[in-house]
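A.B. asks: Quick one: this structure, given as structure tokens, is what I'll be asking you about.
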Amino acid sequence: MTRSFFKNLFAFTIMISHLTICESQNFPKKNREQRIGQKADSVLRLMTLDEKIGQMNQYNGDWEATGPITNDGDKQNQIRMGMLGSMLNVTGVEHTRELQQMAMKTRLKIPLLFGQDIIHGYRTTFPIPLAEAASWDLDAIELSARIAATEAAAAGVHWTFAPMVDIARDPRWGRIMEGAGEDPYLGSLIAVARVKGFQGKGLGSTDALMACAKHFAAYGAATGGRDYNSVDMSLRMLWETYLPPFRAAEEAGVATFMNSFNDLNGIPATGNAYLQRDILKGRWKFKGFVVSDWGSVGEMIPHGYAKDNYEAAMEAVIAGCDMDMESRSYIKNLSKLVNDGKLSLGSINDAVKRILIKKFEMGLFDDPFRFCNKEREQQQWNNKDNLNAERQIAEKTIVLLRNENQILPLSRQTKTIALIGPFIKSVRDNLGFWSYIWPDDSARIISPWQGIQNKLGKESKLLYARGCNINDSSTSGFAEAVEVAKQADIVIMNVGEAADMSGEAKSRSNIHLPGVQEELIMAIQATGKPVIVMINAGRPLIFNWTADHVAAILYTWWLGTEAGDAMADVIFGDYNPSAKLPVSFPRSEGQIPVYYNHFNTGRPPKNDSDLNYVSAYIDLPNDPKFPFGYGLSYTSFSFSGIDLNKKSFRPGDSLTASITVTNTGKFDGKETVQLYIRDLVGSVVRPVKELKNFQQIFLRAGDSKKISFTITADMLRFYNNKLDYVFEPGDFMIFIGGNSKDVKESSFTLLK
Ligand code: GLC
């Protein structure tokens, strides 16, 4: 036996006995956090500098990649040498067990963390996050994340790089599909729902994943909507609009953060101490750890912020980036940086302790293989309850944009239906970006064709024509599609952008319906048959002619595994659509950015046609094609006037605003009643509206319900020019309605 063997054995024995002692002495019930901190310290004391640096290093697995990979070195050997603390894109009980066994061969047997982009599902794919946001149903969104976590944790995954909480006001940006849209209030609530869903009963439970708030920060404000592009904004805008969902996730106990690719006001987020040290770990006292986004540490070189990986590693650690995903800057340079006196050992210890604490909290030191349970993996592999939940959530995300003459819902007895369009028989596309491919996908994913077939009896006849491709100029399929339409009583079309036209690195300068799809719609509309159009997309698209002419439009995003059944449930009335847009839909790319919570300017137009020296386009109305919060129902809802229990109140007191909502239609339905407030005069200009609360109510046809909102001074806070989070006395408007445009108004005063 060599000397080092006994040295290692001694070190390990000390560590384990120390840990055991901690547990066995029944310390007074100190909080878990403090005790785990002590355990992490005891491991830290045993570690060499190289072992510490290994914990700050994360590699992509050898199966699939979610970024530009650098194939170098033998990863498995690096695990055995303790040069690797975490891996991503390794799933499955076998693979994770195999690599974890290698980690158990290291001197201190520190377990690996396995991270994965479980964004909207793992084995069961849920609607894309932007679609889920359209449900405004926080319980449904939490359930979606809960199920995703249960399935992924059963497959050996410890950590998801989600929720993505980037506010996005620019639909040219492909990653708008991954977040919760344009509003900080809705985005914050959804961030919390997703963190709670992923982390479940808490870290350490074998169906809980560590969540990761990303991308910190302001990644969604990339100039021109071009992915990875620069971001330049006032600190006030950063605090007012882009940070709130991160703060909400942090307060909800999110385990980790991921920084972002973009530079923010000239400093790359990965090397941005203002973001990671001052705000996150300083003001917000975040105790978890920060991982880079893919190779963002090394990308500070092309950013022009670091000369080489040595400098990049130094800048990133100083700025508070604890783990280096994929760039190898840390593993190759940190030891030299410490020995050169460029980095303190304290900064390394702080990062490593944050990482060790999470591994303790996940229970991986107690049992590194606790997530490698083959039986649990099989239980979760084809869970029917998960598929049913997915279908129910998908229904809630479908937005009814138009329904002329109440053509929807259709009768199941409709004799002949023509199904036309490039997505009618598509299968895999329905999962959208950030989804997983499984060998049996074609048998599991329900296409629109299949879903409508499943819904209809034998007495109905379905006809089909593809009509055109997704994104080319060929109209060769039009004639056949027109002929098929002429034989039908009604036409259902399914058009949109391809699933890989949104997502990461999928920015588009032209967000019209691609190819000749709108021309196809025109050709089918010209037959005189009633046309219902379903639009699949990962972003708002532009389809002005369609929006003004066809009988009905459903925005079907990417709905996941049960897509076709969810579509059919809505089309035939088994679910009355209730979704509301979480993002404004522009009329033209030239209008971007267009969002509801904009400032008034000094020259607001008096109406859509006012062009007399006002802030307006001469060739386009200012308002979006469809506003934030918009979505129709098969029924209709009327709103009474707003009743305020007082016209003014002082800080510390509150005001109650009430409104009566009536279901004036023929169908029972759910309405999302939205409360907006405007601060008429402030020490800085204030938005014309800000979402401050909403309530979802279910009303039977003919029923009414009075609902109330409490308004407090705290709800009126904003960041003033000194970045103080304040409310200011003065006059306010209050708006309540079923979207951000069609609202009832009232006013109140906040007194000193
Ligand atoms: C990607 C994405 C990030 C993801 C990470 C790992 O580049 O930007 O959201 O979590 O790399 O896949």
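A.B. asks: Hey, with R₀ at 35 Å, roughly what FRET efficiency would E98 and N388 work out to, going by the Cβ-Cβ distance, to 0.05? Before the final figure, lay out each step's value.
C.D. replies: Working: r = 34 Å, r/R0 = 0.97.
Using R0 = 35 Å, I get an efficiency of 0.55.
A.B. asks: Compute the distribution of all C-alpha to C-alpha distances in region 57-200, in bins of 10 Å from 0, and list the percent of pairs in each, rounded to whole numbers.
C.D. replies: The percentages, shortest bin first, are 12, 36, 29, 18, 5, 0.
A.B. asks: What ranking of V254, V550, V533 emerges when the number of other C-beta atoms within 10 Å of each C-beta is taken as an exposure proxy, fewest first?
C.D. replies: On the way: V254 27, V550 22, V533 31.
Exposure proxy ranking, most exposed first: V550, V254, V533.
A.B. asks: Based on the Cβ-Cβ distance of T206 and K666, what FRET efficiency does E = 1/(1 + (r/R0)^6) give at R0 = 45 Å, to the nearest 0.05? Could the numbers behind the result be given before it?
C.D. replies: Values: r = 48 Å, r/R0 = 1.07.
For R0 = 45 Å, the calculated efficiency reads 0.40.
A.B. asks: Looking at region 387-591, what % of its DSSP beta bridges pair antiparallel, to the nearest 5?
C.D. replies: Given both bridge residues lie in region 387-591, the antiparallel proportion sits at roughly 15 percent.
A.B. asks: Right, another one. Could you quote the convex hull projected area for the chain, Cα atoms only and averaged over all directions, in nm²? Before the final figure, lay out the partial values.
C.D. replies: On the way: hull surface 141.6 nm².
Spelled out: convex hull of the Cα atoms, projected over all directions, averaged, 35.4 nm².
A.B. asks: Now, a different point. Evaluate the distance, in nm, between pseudo-label points positioned 7 Å from the Cα of D703 and of L644 along their respective Cα→Cβ axes.
C.D. replies: For D703 paired with L644, the spin-label model returns 3.1 nm.
A.B. asks: If you don't mind, another one. Whole number please: convex hull volume per residue of the Cα set in region 387-591, in Å³? Each step should come with its number before you reach the end.
C.D. replies: Working: hull volume 25.0 nm³, N = 205.
That works out to 122 Å³ per residue.
A.B. asks: Relative contact order (percent) for the chain, with alpha-carbon contacts under 8 angstrom and 6 or more residues of separation? Intermediate values should be presented prior to the final figure.
C.D. replies: Details: 1778 pairs, mean separation 91.7, N = 752.
Relative CO of the chain lands at 12 percent.
A.B. asks: Hey, another quick one. Taking the beta-carbon count within 10 Å as an exposure proxy, list I571, I69 from fewest neighbours to most. Please report the intermediate quantities before stating the final value.
C.D. replies: Details: I571 26, I69 16.
Lowest count first: I69, I571.
A.B. asks: Based on alpha-carbon atoms only, what is the radius of gyration of region 177-263 relative to the globular estimate 2.2 N^0.38 Å? If you can, show how the numbers build up before the last one.
C.D. replies: Values: Rg = 13.6 Å, N = 87, 2.2 N^0.38 = 12.0 Å.
Taking N as the residue count of region 177-263, the ratio is 1.14.
A.B. asks: For region 637-750, what proportion of DSSP beta bridges, expressed in % and rounded to the nearest 5, is antiparallel? Walk me through the intermediate numbers first.
C.D. replies: Values: 39 of 42 bridges.
Of the beta bridges lying entirely in region 637-750, close to 95 percent run antiparallel.
A.B. asks: In region 387-591, with Lys and Arg counted as +1 and Asp and Glu as -1 at Cβ, which of these residues, T414, I542, A505, has the Cα nearest the positive end of the dipole, that is, farthest along it?
C.D. replies: Checked the options; the winner is T414.
A.B. asks: Another question about this same structure. Is region 555-705 rounded, prolate or oblate when judged by the Cα gyration tensor, a ≥ b ≥ c being the square roots of its eigenvalues, rounded requiring a/c under 1.5 and prolate requiring a/b larger than b/c? Provide the component values of the computation, followed by the final result.
C.D. replies: Numbers: a/c = 2.18, a/b = 1.21, b/c = 1.80.
Cα axes put region 555-705 in the oblate bin.
A.B. asks: State, to one decimal in nm, how far the label point of N471 lies from the label point of S609, with both points 7 Å from Cα in the Cβ direction.
C.D. replies: Modelled inter-label distance: 4.0 nm.
A.B. asks: Rounded, prolate or oblate, given the Cα gyration tensor of region 637-750, with a/c below 1.5 counting as rounded?
C.D. replies: Details: a/c = 2.73, a/b = 2.14, b/c = 1.27.
Prolate shape, in that a/c is at least 1.5 and a/b is the bigger ratio.
A.B. asks: Between the helical axis of 184-199 and the dominant principal axis of the chain, each derived from Cα atoms, what acute angle in degrees is found, rounded to the nearest 10?
C.D. replies: It works out to around 50 degrees.
A.B. asks: Find how much the distance from E33 to S747 grows on full extension, using 0.36 nm per residue of separation minus their present alpha carbon separation; answer in nm with one decimal. It would help to have the intermediate numbers written out before the result.
C.D. replies: Numbers: separation 714, 0.36 × 714 = 257.04 nm, distance 4.70 nm.
Between E33 and S747, full extension yields 252.3 nm more.
A.B. asks: Through the Karplus equation 6.51 cos²θ - 1.76 cosθ + 1.60, θ set to phi - 60°, convert the phi angles of region 481-491 into ³J(HN,Hα) values in whole Hz; use x for Gly and Pro.
C.D. replies: 5, 5, 4, 5, 4, 5, 8, 9, 7, 8, 10
A.B. asks: Using alpha-carbon pairs under 8 Å, 6+ residues apart, how would you state the relative contact order of region 387-591 in percent? Show your work: numbers first, answer last.
C.D. replies: Working: 437 pairs, mean separation 72.3, N = 205.
Contact order relative to length: 35 percent.
A.B. asks: Report the Rg/Rh value for region 405-503, based on alpha-carbon coordinates and the Kirkwood definition of Rh. Don't jump to the answer; show the numbers that get you there.
C.D. replies: Numbers: Rg = 14.8 Å, Rh = 14.8 Å.
So for region 405-503, dividing Rg by the Kirkwood Rh gives 1.00.
A.B. asks: Moving on. List, in the order given, every pair from K285/K692; K214/K744; K307/K353 whose Cα-Cα distance in the structure shown is over 31 Å.
C.D. replies: Working: K285/K692 26 Å; K214/K744 36 Å; K307/K353 29 Å.
Over 31 Å apart, Cα to Cα: K214/K744.
A.B. asks: In addition: Can you sort C212, C372 from fewest to most other Cβ atoms within 10 Å of each residue's own Cβ? All intermediate terms of the calculation are to be shown ahead of the outcome.
C.D. replies: Working: C212 29, C372 22.
Ordered from fewest to most neighbouring Cβ atoms within 10 Å, C212, C372 come out as C372, C212.
A.B. asks: Between 0 and 90 degrees, rounded to the nearest ten: what's the tilt of helix 3-24 against the longest Cα principal axis of the chain?
C.D. replies: 60 degrees
A.B. asks: When a/c is below 1.5 the answer is rounded, else prolate if a/b is larger than b/c, else oblate, so apply that to region 555-642 with a ≥ b ≥ c taken from the square roots of the Cα gyration tensor eigenvalues. Please report the intermediate quantities before stating the final value.
C.D. replies: Numbers: a/c = 3.20, a/b = 1.95, b/c = 1.64.
Since a/c reaches 1.5 and a/b is larger than b/c, the shape of region 555-642 is classed as prolate.
A.B. asks: Given 10 °C and 1.306 mPa s, how large is the Stokes-Einstein diffusion coefficient of region 331-389 in µm²/s, with Rh as the Kirkwood radius over Cα pairs? Mind dumping the intermediate values first?
C.D. replies: Details: Rh = 15.1 Å.
Reported coefficient: 105 µm²/s.
A.B. asks: A further question follows. Lysine pairs in region 387-591 8 or more apart or on different chains: how many have alpha carbons under 14 angstrom apart? If you can, show how the numbers build up before the last one.
C.D. replies: Values: K396/K580; K415/K455; K415/K458; K415/K461; K415/K486; K415/K529; K461/K486; K486/K529.
Taking the Cα cut-off of 14 Å, the pair count is 8.
A.B. asks: On C-alpha positions alone, give me the angle between the axis of helix 93-103 and the longest principal axis of the chain, in degrees, nearest 10.
C.D. replies: 30 degrees
A.B. asks: Taking H as built 1.01 Å from N, whose amide H comes closer than 5 Å to the amide H of N494, not counting residues under 5 places away?
C.D. replies: I420, G421, F423, I424, M534
A.B. asks: Mind checking region 186-285 for trypsin sites (Lys or Arg not before Pro) that DSSP puts in a loop (not H, G, I, E or B) and that have at most 16 other Cβ atoms within 10 Å? Could you put the intermediate results ahead of the total?
C.D. replies: On the way: sites: R194, K196, K201, K214, R226, R236, R247, R277, K281, R283, K285; in loops: K201, R226, K285.
Qualifying residues, ordered by number: K201, R226, K285.
A.B. asks: I've got another one for you. To one decimal place, what Kirkwood hydrodynamic radius in Å is obtained for region 499-567 from all pairs of distinct Cα atoms?
C.D. replies: Details: mean 1/r = 0.0753 Å⁻¹.
Mean inverse Cα-Cα distance, inverted, gives 13.3 Å.
A.B. asks: Highest mean first, how do 450-458, 90-98, 583-591 rank when packing is the count of other Cβ atoms within 10 Å averaged over residues?
C.D. replies: On the way: 450-458: 15.6, 90-98: 18.6, 583-591: 20.7.
Highest to lowest by the protection proxy: 583-591, 90-98, 450-458.
A.B. asks: When we measure straight from the Cα of K666, which aspartates and glutamates land under 12 angstrom away, once same-chain ones fewer than 8 places off are left out?
C.D. replies: D703
A.B. asks: Have a look at the DSSP beta bridges in the chain and tell me what percent are antiparallel, nearest 5.
C.D. replies: Values: 48 of 92 bridges.
Within the chain, antiparallel bridges account for around 50 percent of the total.
A.B. asks: Another one. Place +1 on the Cβ of every Lys and Arg and -1 on the Cβ of every Asp and Glu in the chain, take the dipole about the Cα centre, and give the residue among V491, Q100, I736 whose Cα lies farthest towards its positive end.
C.D. replies: Comparing the listed Cα positions along the dipole, Q100 ranks first.
Since every read-out is calculated from the coordinates, none of them should be taken as a lab result. All of these numbers come straight from a predicted model, not from anything done at the bench. Here the Cβ is made from the backbone with ideal geometry for all residues, glycine too, and neighbour counts use every protein chain on show.
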